[in-house]
């Protein structure tokens with residue numbers, strides 16, 4: 001859970017620190033909130049596995065009296081694309097099965113959101129953005145819409161909307177908001193990394209012209225993904241592979257005459273301390289022991305890539321749900337207090353308040 005911050009609100013004077021609560025355009029009110037109720041972690045009721053359990057339950061009940069219209073494939077092995085195909089297909093019974101899971105999950109998700117909104121750091125939330133892999137599907141979008149309807153029917157006036165960028169890209173694009181814009185002067189792009197429990201993504205985020213407010217034109221110019229879960233690498237091997245991915249991207253950018261700033265933004269699970277170490281929450285990262293007092297990811301990456309172009313490498317790291325949420329800043333100028341929930345292996349979360357500079361920049 002985020003700690004209280006004594007950082008100055010002035011962007012110019014705000015210290016550059018990993019996991020900072022005061023950023024150029026927003027204040028982070030809360031992140032990695034480990035909210036609990038009598039049954040355990042509240043977020044456990046709204047993740048990828050929970051939806052699979054809902055769908056599997058419907059299939060089991062149908063099989064007691066007839067054939068399963070979805071077939072024999074185990075629910076856990078159904079891809080998002082396959083579930084969407086059932087939803088959009090001609091077999092109405094298969095579509096109805098998926099809709100049953102959507103309804104059940106939306107009811108639970110609405111309950112989870114209601115509990116978050118009772119936290120004092122989440123009061124007066126105007127909009128909640130939903131990211132993570134679950135969002136990138138038709139059944140995910142329907143669930144998000146149904147959740148908002150359930151909340152409004154219960155008298156809770158909050159928008160619940162899908163994140164604008166593809167979740168895989170949002171976790172990279174948000175990195176441009178970790179530092180003040182003056183740090184990018186003379187450059188059109190930065191390098192970004194998103195490290196998760198299954199994949200490592202690295203990309204070149206191009207943000208274009210200086211006169212576009214809030215990096216609204218930021219996009220992923222080139223990216224690479226490594227499914228480390230298939231390889232089960234050590235922590236050291238993970239850093240080496242990540243460094244190689246970044247070196248390859250740097251080479252491609254320079255070949256295209258796109259000189260990136262000597263900056264790497266990192267999105268990583270857990271509570272991120274000011275020195276770049278991980279306080280807790282990194283237990284699913286490859287190789288284990290990322291929370292060790294003797295390990296520092298930003299320092300390890302700067303050692304692996306000491307220079308970008310002619311300049312020394314600078315690395316800035318924050319929580320992965322925070323970074324994914326930051327990608328939404330250009331679309332949040334009409335609200336003041338907002339949040340992000342990322343549905344994946346777990347439920348990532350962060351809450352933001354726009355600073356006075358958000359609309360002007």
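Readers should treat all values here as calculations from the given coordinates under stated rules, not as data from a laboratory. Keep in mind that what you see is a predicted model, and the values were worked out from it rather than measured.
Quick notes on this one:
- The long axis of helix 48-63 is offset from the longest Cα principal axis of the chain by roughly 20 degrees.
- Span per principal axis, largest first, for the Cα atoms of the chain (Å): 69, 44, 39
- Most mobile of 313, 143, 22 in a GNM of the chain (Cα contacts under 10 Å): 313
- Built from the Cα atoms of segment 169-320, the convex hull projects on average onto 8.3 nm², one quarter of its surface area.
- Here is how the number arises for the chain: DSSP H runs of 4 or more residues each give -39500 (n - 2.57), the sum is divided by the residue count, and the result at 222 nm is -10000 deg cm²/dmol.
- Segment 169-320 - percent relative contact order, Cα under 8 Å, separation 6 or more: 26
- Segment residue 259-residue 292, extension gain: residue separation times 0.36 nm, minus the distance between their alpha carbons: 8.4 nm
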